[in-house]
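S.K.: If you scroll down you'll find the structure; I have some questions about it.
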Amino acid sequence: MFPVERLRRYRENENIRDIFKETHISNDKLIMPVFVDENEKNKKEISSMPGIYRYSLSEYEDYIKDLNDIGVKNIILFGIPSNKDDVGSSSYDKNGIIQRAIKIARDNTKLNVIADLCLCEYTATGHCGITENGYVNNDKTLEIYRKEALSYAEAGVDIIAPSGMMDGQVKAIRGILDENDYINTIIMAYSSKFASNLYSPFRDAAESTPQFGDRKSYQMDYRNGREALREIDMDIKEGADIVMVKPALFYLDIISKARGLYNMPIATYSVSGEYSMIKNSVNSGLLNRDVIEESLIAMFRSGSDLVISYFAEDYIRSHGKY
Ligand code: PBG
Ligand code: ZN
């Protein structure tokens with residue numbers, strides 16, 4: 001007790017504070033989202049996400065080589081195809097935009113290549129699955145996810161990240177991978193993904209806005225925390241290797257509880273709306289730039305092992321290779 005215990009001893013100067021820091025951000029644990037656009041010739045800034053671009057395949061190649069050089073370790077890919085249809089058939093095309101992007105990353109960099117697996121970029125409806133009378137048919141959608149997963153594995157992906165929130169999606173994907181001997185392809189499940197208002201900048205970026213209705217019949221109701229843990233529990237039982245909580249900053253309670261309950265790698269996705277709020281505040285001078293690091297620290301401190309963030313590149317550029 002005071003005056004023997006003085007917690008200010010931990011804080012006297014920066015070197016001292018560093019000895020006591022409990023949370024560390026390492027490049028190994030950050031994942032940078034990358035958008036590849038089959039329709040684009042030149043890179044194009046996403047207007048709702050200042051500093052984030054959609055790349056043509058050729059510019060993408062230069063971009064990811066640069067990411068690799070500055071010390072980025074992991075990317076997660078999102079594709080914007082030239083062709084959308086009812087069943088999202090471009091999503092499992094061997095020469096599809098994602099399949100080609102995976103190969104380019106494998107051939108030219110040492111990055112861990114993660115690919116988001118969903119249908120909303122590929123369906124004319126903008127929904128994450130096949131719709132019948134306005135409702136997404138779960139089990140028919142799983143059949144397309146299986147084809148998509150196999151095509152990603154054939155292209156050489158390291159980690160597949162199913163984000164559609166269909167029931168049974170992890171089991172379906174693990175099944176097709178194992179049947180085809182892709183036993184070491186890792187699944188990072190978007191396990192507890194909430195029907196959040198924070199995704200709208202991403203939907204501009206990925207052209208994946210639902211053309212009718214919303215995603216509330218498959219993504220989680222944000223009023224529910226216990227149900228989020230059931231989602232995580234089920235994905236673990238279905239064979240997920242990494243479970244994810246998404247978005248991040250409004251959902252740190254879920255991360256923290258999952259950390260206590262499961263001995264699994266936990267990822268969190270700090271989504272487009274979180275990025276844009278913080279980025280706009282920094283750009284306008286409202287908040288100091290260090291708020292970026294503070295937000296990343298919050299995700300790691302709450303128990304995330306891995307963080308997907310649009311600030312990953314910026315953070316690594318300004319902190320260097322370690
Ligand atoms: C696709 C997908 C979404 C995000 C990642 N994968 C959007 C959505 O569910 O509408 C959101 C990412 C972000 O906002 O940064 N299912
Ligand atoms: Zn989707």
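Throughout, read-outs are computed from the coordinates displayed, never taken from laboratory work. Keep in mind that what you see is a predicted model, and the values were worked out from it rather than measured. Backbone-built Cβ (ideal geometry, glycine too); neighbour counts: all protein chains shown.
S.K.: If you take the alpha carbon radius of gyration of region 263-321 and divide it by 2.2 N^0.38 Å, what ratio comes out, to two decimals?
M.R.: It is 1.16.
S.K.: Now for a separate question. What do the square roots of 5 times the Cα gyration tensor eigenvalues come to for region 160-255, in whole Å, largest first, as semi-axes of the equivalent ellipsoid?
M.R.: 24, 17, 12
S.K.: Further, regarding this structure: Determine the calculated [θ] at 222 nm for the chain from helices alone, applying -39500 (n - 2.57) to every DSSP H run no shorter than 4 residues and normalising by the residue count; nearest 500 deg cm²/dmol.
M.R.: Taken over the chain, the calculation gives -11500 deg cm²/dmol.
S.K.: Going down the list 65/321; 73/321; 65/103; 110/193; 94/147; 44/279, which pairs span over 20 Å between their C-alpha atoms?
M.R.: 110/193
S.K.: On to the next question. So if R0 is 22 Å, what FRET efficiency would residue 137 and residue 280 give, r being the distance between their Cβ atoms, rounded to the nearest 0.05?
M.R.: Once the sixth-power term is evaluated, E becomes 0.05.
S.K.: Which of 183, 98, 80 moves the most in a Gaussian network model of the chain with Cα springs under 10 Å?
M.R.: Of 183, 98, 80, the Gaussian network model singles out 183 as fluctuating most.
S.K.: Follow-up question, since we're still on this one. What's the FRET efficiency of residue 250 with residue 18 using the Cβ-Cβ distance as r and R₀ = 41 Å, to the nearest 0.05?
M.R.: According to the calculation, E is roughly 0.85.
S.K.: Please give the contour-minus-distance gain from residue 287 to residue 124: 0.36 nm per residue of separation, less the Cα-Cα distance, rounded to one decimal in nm.
M.R.: That works out to 54.7 nm of additional length.
S.K.: 7 Å from Cα along Cα→Cβ at both residue 211 and residue 294: what's the point-to-point distance in nm?
M.R.: If labels sit at residue 211 and residue 294, their model points lie 4.4 nm apart.
S.K.: Beta carbons within 10 angstrom, averaged per residue: use that to sort the peptides 199-211, 36-48, highest first.
M.R.: The packing order, highest mean first, is 199-211, 36-48.
S.K.: May I ask for log10 I(q)/I(0) of region 53-94 at q = 0.16, 0.18, 0.20 Å⁻¹, from a Debye sum over the Cα atoms as equal point scatterers with solvent left out?
M.R.: These q points yield log10 I(q)/I(0) values of -0.55, -0.66, -0.75.
S.K.: For region 95-183, what are the per-bin percents of Cα-Cα distances with bins 5 Å wide, up to the bin holding the maximum?
M.R.: Cα pair-distance distribution for region 95-183, in percent: 3, 15, 25, 23, 18, 11, 5, 1, 0.
S.K.: Could I get the Rg over Rh figure for the chain? Both from C-alpha atoms, Rh via Kirkwood, rounded to two places.
M.R.: Ratio of gyration radius to Kirkwood radius for the chain: 0.98.
S.K.: Charges only on Cβ, +1 for Lys and Arg, -1 for Asp and Glu: so what's the dipole of the chain about the Cα centre, in debye to the nearest 20?
M.R.: It works out to roughly 880 debye.
S.K.: A further question follows. With each pseudo-label sitting 7 Å past Cα toward Cβ, what's the residue 62-residue 263 distance in nm, one decimal?
M.R.: According to this spin-label approximation, the distance is 4.9 nm.
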